[in-house]
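Presented below is the structure to which this report refers.
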Amino acid sequence: MTAFEPRVFSGVQPTGNLHLGNYLGAITRFVALQDSYPCIYCVVDMHAITVWQEPEELTNAIRSVAAAFIAAGIDPDKHVIFNQSQVHEHAELAWIFNCVARMGWLNRMTQFKEKAGKDRENASVGLFAYPSLMAADILAYKATHVPVGEDQKQHLELTRDIAQKFNYDFAERIAELGFGDAYFPLTEPIIQGPATRIMSLRDGSKKMSKSDPSDYSRINLTDDRDAISQKIRKAKTDPEPLPSELKGLESRPEAQNLVGIYAALANSTSEQVLTDFGGAPFATFKPALAELAVEMLAPVNAEMRRLLADPGHLDQILAKGADQAAEIAAPVIDGAKDIVGFVTSRRKRTAERSVA
Ligand code: AMP
Ligand code: TRP
């Protein structure tokens, strides 16, 4: 079996406000992995435009996500932070994958069904093809591990299906060209911790989301102390006190959600939170949660503001990251083109010219 160097890749869309779900389900996990793996974290602006984005807001949102990555603790001197559209290799590989993935596979994607809603005829073609671009993001770097929230699980399974079909369909070429028995790895999702699916504060059956019309449904990374406290105070709950064991949270989705949020913010587990707060009413637990949330989010919020005050500096970080990303992705995409059978003489001529 071909061995692949371990590498982490993940992406966040620059659409609307980043919220606690993005932060706890994804970004803090990105931070946690940076001591163990080389990491590439991408602001996926090409994914964002699968639904309409106001151009100026998009530009600001790209910088905001980059600022959130850095404010949360990702070190841009040690790892790669960039925005997707600056590295054209993503689009090139996505096209090849559009020709590997089957209509039937994409038709099964629940995120497409949710986002397209009833008016499928009016959804962009990009929204439908979104998962093959996501596979290209990951496989352009032959990434082996991808930290994400629970909602991305199906897309990562599709990424493995695409890698497997490519490896299988082109097996002979892959071997002939000296790439061994597999060109792309079968990427492992990392979906771990108490916050892989943070729910709306207004409705424990709906995921916390950027697109929920009620701002009280989510805590935004840009919310100040008062907004955070007020949203937690107003969060929907039931009248019972907290149980002392996990079993007691079953069929209490709102309580389960707040306990999970506390556990994730405290870098603890839901079990431990229930050991500490079992028997307490929400009148006691909510203020404790609000205090913890403010304490953990205030420094991130302040650092994001500081970074966003200097967009030129953020753009420099993104440009440097894009150069580093392209350096890794270019040979991978060149190999994929050779495997497919494309004639790539222009690329070779350009390479010779830059050596001369
Ligand atoms: P998106 O904003 O859709 O680009 O999501 C960025 C990352 O945040 C992905 O890894 C998602 O799985 C994760 N994420 C989004 N919403 C939630 C949520 N409510 N709970 C946990 N993770 C989430
Ligand atoms: N689809 C992901 C989301 O909505 C974002 C994303 C795009 C991504 N490309 C990726 C996540 C590659 C992980 C790896 O959250």
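The values are calculated or read from the model by the stated rules, or taken from the named source; none is laboratory data. A quick note: this is a predicted structure, and the numbers were derived from the prediction, not measured. A quick note on method: Cβ atoms are made from the backbone with ideal geometry, for glycine too, and the neighbour counts reach across all protein chains shown.
Side notes on the structure shown:
- Among the residues of the stretch 211-268, none is identified as under 19 Å from Thr196 (Cβ atoms), assigned to a helix (DSSP H, G or I) and without any contact (Cβ under 8 Å) to a residue 12 or more places away in the chain.
- Taken together, the residues in the stretch 196-235 that are surrounded by fewer than 18 Cβ atoms within 10 Å (Cβ to Cβ), within 19 Å of Ala298 (Cβ to Cβ) and within 16 Å of ligand 2 (Cβ to nearest atom) amount to 0.
- Selection over the stretch 10-43 of residues that are more than 23 Å from Tyr262 (Cα to Cα) and charged (D, E, K, R) gives a count of 1.
- Scope the stretch 49-83; condition assigned to a strand (DSSP E or B) and within 13 Å of ligand 2 (Cβ to nearest atom); matching residues: Phe82, Asn83
Results for (1) surrounded by 16 or more Cβ atoms within 10 Å (Cβ to Cβ); (2) modelled with pLDDT under 95; (3) not aromatic (Phe, Trp, Tyr), shown as yes or no for each residue.
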position	(1), (2), (3)
Val80	yes, no, yes
Phe112	yes, no, no
Lys153	no, no, yes
Ala163	yes, no, yes
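- Test: residue in the stretch 148-167 that is closer than 17 Å to Ala26 by Cα, touching a helix residue (DSSP H, G or I) at 6+ places or on another chain (Cβ under 7 Å) and either outside any helix (DSSP H, G or I) or in contact (Cβ under 8 Å) with a residue 60 or more places away in the chain (or both): yes
- A single member of Pro287, Pro299 is over 24 Å from the mean Cα position of the chain (by Cα), surrounded by fewer than 14 Cβ atoms within 10 Å (Cβ to Cβ) and either outside the structural domain of Ser64 (by TED's automatic domain parsing) or under 25 Å from Asp223 (Cα atoms) (or both), and it is Pro287.
- The lone exception for Ala309 - which of (1) of a type in the set (A, V, I, L, M); (2) under 30 Å from Leu177 (Cα atoms); (3) free of Cβ contacts under 8 Å to residues at least 12 places away in the same chain it fails: (2)
- Against the criterion of being part of a loop (DSSP other than H, G, I, E, B) and more than 23 Å from Val8 (Cα to Cα), Leu186 does not qualify.
- Arg202 being in contact with a strand residue (DSSP E or B) (Cβ under 7 Å, 6 or more places away or on another chain) and not assigned by TED's automatic domain parsing to the domain that holds Glu114: no
- Residue tally, condition among the β-branched types (Val, Ile, Thr), surrounded by fewer than 15 Cβ atoms within 10 Å (Cβ to Cβ) and assigned to a loop (DSSP other than H, G, I, E, B), over the stretch 269-284: 0
- Qualifying residues in the stretch 18-48 (those that are outside any helix (DSSP H, G or I) and away from ligand 1 (no atom under 13 Å from the Cβ)) - the one surrounded by the most Cβ atoms within 10 Å (Cβ to Cβ): Ile40
Residue-wise test of (1) within 15 Å of the chain's Cα centre (by Cα); (2) closer than 30 Å to Glu121 by Cα; (3) modelled with pLDDT of 95 or more.
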{"residue": "Cys39", "(1), (2), (3)": "yes, no, yes"}
{"residue": "Trp52", "(1), (2), (3)": "no, yes, yes"}
{"residue": "Ile62", "(1), (2), (3)": "yes, yes, yes"}
{"residue": "Ala71", "(1), (2), (3)": "no, no, yes"}
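- From the list Gly204, Gly193, Gly260, the one residue that fits, being within 25 Å of the chain's Cα centre (by Cα) and on the phi > 0 side of the Ramachandran plot, is Gly193.
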